[in-house]
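Just below is one structure, and these are the notes that go with it.
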């Protein structure tokens, strides 16, 4: 057998071995029976952002200034300083709340506290933690290096 024939046979054997056993995905993680949830009813939201301020106060977060407007605490997205934000959906004339055509609506964006939170597993300094009982994802502000 010459060198070319050897590499052909080795390549065919490797391809056959790789195709013989399909990849297996791991099973889904199960939600704890004591896990908690949070409900946001967008039909009742008036966009005052009091929930954003209360969350910052309860968690000891500093204010965050954006350049989009001149208000003192106007985060544009969730971050290490802001755990939830209220965004507005706008369409057309914005005449009526909660209407798709020519309407507007408020939506809340926050951590989803995923059952299998990838942010916890990829954090390089283990600053992200998931409570095994409640399912809440939190982070240690002193350990976080802000890599996001």
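The values are calculated or read from the model by the stated rules, or taken from the named source; none is laboratory data. As the structure is a prediction and not an experimental result, all values here were calculated from the model. All Cβ positions, glycine included, derive from the backbone under ideal geometry; neighbour counts span all protein chains shown.
Condition (residue is assigned to a loop (DSSP other than H, G, I, E, B), under 28 Å from residue 33 (Cα atoms) and free of Cβ contacts under 8 Å to residues at least 60 places away in the same chain) applied to segment 82-97: is it met by at least one residue? Within segment 82-97, one or more residues are assigned to a loop (DSSP other than H, G, I, E, B), under 28 Å from residue 33 (Cα atoms) and free of Cβ contacts under 8 Å to residues at least 60 places away in the same chain. The residue that is farthest from the chain's Cα centre (by Cα), counting only those in segment 1-32 that are surrounded by 10 or more Cβ atoms within 10 Å (Cβ to Cβ) and within 16 Å of residue 113 (Cβ to Cβ), is 32. Residues in segment 101-113 include at least one that is exposed (fewer than 14 other Cβ atoms within 10 Å of the Cβ), over 24 Å from the mean Cα position of the chain (by Cα) and more than 30 Å from residue 131 (Cα to Cα). Check whether at least one residue in segment 99-107 is assigned to a loop (DSSP other than H, G, I, E, B), more than 25 Å from residue 146 (Cα to Cα) and in the same structural domain as residue 147 (by TED's automatic domain parsing), and report yes or no. No, every residue in segment 99-107 fails to be assigned to a loop (DSSP other than H, G, I, E, B), more than 25 Å from residue 146 (Cα to Cα) and in the same structural domain as residue 147 (by TED's automatic domain parsing).
Within the bounds of segment 58-75, is there any residue that is in contact with a strand residue (DSSP E or B) (Cβ under 7 Å, 6 or more places away or on another chain) and at pLDDT below 85? Within segment 58-75 (the criterion being in contact with a strand residue (DSSP E or B) (Cβ under 7 Å, 6 or more places away or on another chain) and at pLDDT below 85), the answer is yes, since at least one residue qualifies. Residue-level check: of (1) under 28 Å from residue 28 (Cβ atoms); (2) in contact with a strand residue (DSSP E or B) (Cβ under 8 Å, 6 or more places away or on another chain), residue 91 misses just (1). Among all positions in segment 33-41, there is at least one residue which is surrounded by 14 or more Cβ atoms within 10 Å (Cβ to Cβ), at pLDDT 85 or above and either not assigned by TED's automatic domain parsing to the domain that holds residue 142 or not in a helix (DSSP H, G or I) (or both). Of everything in segment 128-143 that is within 16 Å of residue 82 (Cα to Cα) and free of Cβ contacts under 8 Å to residues at least 60 places away in the same chain, the residue that is surrounded by the fewest Cβ atoms within 10 Å (Cβ to Cβ) is 142.
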